[in-house]
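To keep things clear, I will list the structure first and then write my remarks on it.
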Amino acid sequence: MSEVLERVRKIVIDHLDADPDKVTEKASFIDDLEADSLDIVELVMAFEEEFDIEIPDDSAEHILTVGDAVSYIDGKLKS
Amino acid sequence: MFDLTGKTALVTGATGGLGAAIARSLHAQGAKVVLSGTRESVLAELAAELGAKRPDSAFIVAANLSDAAQVDGLVAKAEAVAGSGLDILIANAGITRDGLILRMKDEDWETVIKVNLEAYFRLARAATKGMMKRRHGRIIGITSIVGVTGNPGQTNYAASKAGMIGFSKALAQEVASRNITVNCIAPGFIASPMTDELNEAQRAAILAKIPAGALGEGSDIAAAAVYLASAEAGYVTGQTLHVNGGMAMI
Ligand SMILES: NC(=O)c1ccc[n+]([C@@H]2O[C@H](COP(=O)([O-])OP(=O)(O)OC[C@H]3O[C@@H](n4cnc5c(N)ncnc54)[C@H](OP(=O)(O)O)[C@@H]3O)[C@@H](O)[C@H]2O)c1
């Protein structure tokens with residue numbers, strides 16, 4: 001498992017108080033992990049803090065699953 | 001009831017009549033208070049008075065609320081000096097620049113909106129971040145009866161105060177699920193150095209409009225702030241509490 005995925009999962013599990021088994025790459029924040037729109041904003045802010053990056057709103061809109069977050073953050077860290 | 005022990009509050013406009021009264025009352029209920037304003041020596045005096053009652057319970061951070069960068073940094077600075085996250089934000093600082101519309105300068109409009117409304121937005125945005133994480137918060141804006149009733153010569157002031165009310169209602173809905181409440185207090189006519197200067201005829205004209213037959217005191221507003229800041233008011237959000245001796249019943 002990639003390091004980014006591990007860190008993203010940890011944030012999601014902590015923040016949403018989610019069952020770790022459910023927090024897979026395919027898991028959708030809203031449909032599978034019962035997040036609301038405020039949770040998503042908080043998650044995006046937590047990712048920004050953890051990885052010291054900025055996630056503009058129009059990118060954040062496309063981050064719907066754990067995997068989306070990981071690939072977006074991977075891309076940011078490589079650039 | 002209304003115990004604020006262990007809570008940290010930021011009060012803007014703490015050098016003014018109402019701000020100082022609010023800070024004293026929150027402090028008396030056990031809260032740590034961070035006092036803000038532009039006049040540092042006045043802040044220091046109040047902090048010394050409160051600090052003498054309980055060590056490490058009153059702090060100051062001077063900031064000019066017409067400067068966006070200073071407003072944006074204020075909450076973080078307050079949390080740093082108090083050494084704890086903010087539980088209570090009292091956005092009390094406010095100014096007037098009165099004039100009839102035809103005589104109102106752009107600058108009078110802009111300054112009033114900036115200090116009264118925009119600073120409230122910036123402070124609430126900064127405070128909400130930590131409050132959401134901690135799942136607790138009380139945001140209280142000091143608006144005015146004039147924001148609801150209007151008053152000739154105060155289009156800028158009335159707009160800023162009505163703006164605070166609308167802002168609070170929208171924010172209250174955004175953050176209610178995080179145990180954060182957002183409310184306003186709308187004072188009517190409160191005794192102040194300014195009202196002390198009124199002559200008998202002016203005073204009588206004002207009192208004729210107040211069913212209670214007297215001006216309000218800072219302590220009347222402070223009591224409302226203590227209530228809205230308390231755990232007991234947790235189910236009250238998006239409201240405006242009018243404290244005006246019956247001058248307007250809304
Ligand atoms: N008194 C009333 O009858 C009444 C009625 C309705 C509503 N209100 C509202 O209640 C609030 C407090 O009123 P008050 O009677 O206590 O007024 P005040 O004595 O004139 O105090 C105003 C406060 O606002 C602060 N302030 C003004 N401009 C500022 C700026 N640019 N940056 C930072 N702080 C600034 C002042 O701090 P510095 O002096 O240190 O700069 C002062 O502490 C205001 O929002 C007012 O609109 C009052």
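The figures follow:
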read-out	value
A:Glu48, sole failed condition from (1) more than 14 Å from chain B (Cβ to nearest Cβ); (2) surrounded by fewer than 16 Cβ atoms within 10 Å (Cβ to Cβ)	(1)
Check on B:Ala170, modelled with pLDDT of 95 or more, within 14 Å of another protein chain (Cβ to nearest Cβ) and either within 19 Å of B:Ser84 (Cβ to Cβ) or part of a helix (DSSP H, G or I) (or both)	yes
Meets criteria (more than 14 Å from every other protein chain (Cβ to nearest Cβ) and either open to solvent by less than 10 Å² (accessible area, probe 1.4 Å) or basic (Lys, Arg) (or both)) for B:Ala186	yes
Pair list, Cβ < 8 Å and 6+ apart or interchain, from segment B:156-174 residues that are over 23 Å from B:Trp109 (Cα atoms) to residues that are in a helix (DSSP H, G or I) and open to solvent by 20 Å² or more (accessible area, probe 1.4 Å)	B:Glu174/A:Leu38
Count of residues meeting criterion [over 19 Å from A:Ile55 (Cα atoms) and surrounded by fewer than 15 Cβ atoms within 10 Å (Cβ to Cβ)] in segment A:7-29	8
Test result for B:Gly238, out of contact with any helix residue (DSSP H, G or I) (no Cβ under 8 Å at 6 or more places or on another chain) and surrounded by 14 or more Cβ atoms within 10 Å (Cβ to Cβ)	no
Count of residues meeting criterion [over 17 Å from B:Val71 (Cα atoms), within 14 Å of another protein chain (Cβ to nearest Cβ) and either assigned to a loop (DSSP other than H, G, I, E, B) or not hydrophobic (A, V, I, L, M, F, W, C) (or both)] in segment B:122-161	4
A:Asp39 being open to solvent by 70 Å² or more (accessible area, probe 1.4 Å), under 12 Å from the mean Cα position of the chain (by Cα) and within 14 Å of chain B (Cβ to nearest Cβ)	no
Yes/no for A:Asp58 being open to solvent by 70 Å² or more (accessible area, probe 1.4 Å), outside any loop (DSSP other than H, G, I, E, B) and either free of Cβ contacts under 8 Å to residues at least 12 places away in the same chain or away from every other protein chain (no Cβ under 14 Å) (or both)	yes
Conditions (1) surrounded by fewer than 19 Cβ atoms within 10 Å (Cβ to Cβ); (2) within 20 Å of B:Gly94 (Cα to Cα); (3) touching a Pro at 6+ places or on another chain (Cβ under 8 Å): number failed by B:Gly150	(3)
Residue check for A:Asp14: closer than 25 Å to B:Arg134 by Cβ and in a helix (DSSP H, G or I)	yes
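The values are calculated or read from the model by the stated rules, or taken from the named source; none is laboratory data. None of the values given here were measured: they were computed from a predicted structure. Cβ: placed from backbone, ideal geometry, glycine included. Neighbour counts: every protein chain shown. These accessible areas exclude ligands, DNA and RNA; they are computed on the full protein's heavy atoms, side chains included. Shrake-Rupley method; radii C 1.70, N 1.55, O 1.52, S 1.80 Å.
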